[in-house]
Amino acid sequence: MTGVHFAPDGVLVREAVRRLGGRPRSSVELAAEVLGMPGCPPAMARRLVAQLLDGIPGVARDGEDGDAWRLAGGG
């Protein structure tokens, strides 16, 4: 197996969704707050958070570069 895989119902996904309940967040913010990676380079943060949240029901990705994450029903 290669790459990083996150369980769709796992604690990291749940924590990311909880944090998105307050306001939209960037990949860098989510990498720091959820993955414990403060100072993570933006390109790496985008890849990791996309792996974490892409395909999760109720989560949407916005922004010109796709780097703004929010709950699909608001924000």
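The numbers here are math on the coordinates, done by the rules we state, and not lab data. Treat the numbers as computed from the prediction; the structure is a model and nothing was measured. Positions of Cβ are backbone-derived with ideal geometry, glycine not excepted, and every protein chain shown enters the neighbour counts.
Computed values, structure above
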{"read-out": "Sequence-separation-based contact order of the chain, relative, with Cα cut under 8 Å and 6+ spacing, percent", "value": "34"}
{"read-out": "[x] 41, 13, 10; [y] 25, 13, 8; [z] 17, 15, 12, with the label sought being that of the calculated semi-axes √(5λ) of the Cα gyration tensor in Å", "value": "[z]"}
{"read-out": "Contour excess over end-to-end distance, with Cα ends at residue 60 and residue 32 and 0.36 nm allotted per residue", "value": "8.2 nm"}
{"read-out": "Under 14 Å, Cβ to Cβ, from residue 15 - net charge with Lys/Arg +1 and Asp/Glu -1", "value": "+1"}
{"read-out": "Alpha-carbon Debye profile of segment 26-67, log10 I(q)/I(0) at 0.13, 0.33 Å⁻¹", "value": "-0.23, -1.21"}
{"read-out": "Amide H within-cut-off set for residue 37, under 5 Å, with H built and near neighbours excluded", "value": "32"}
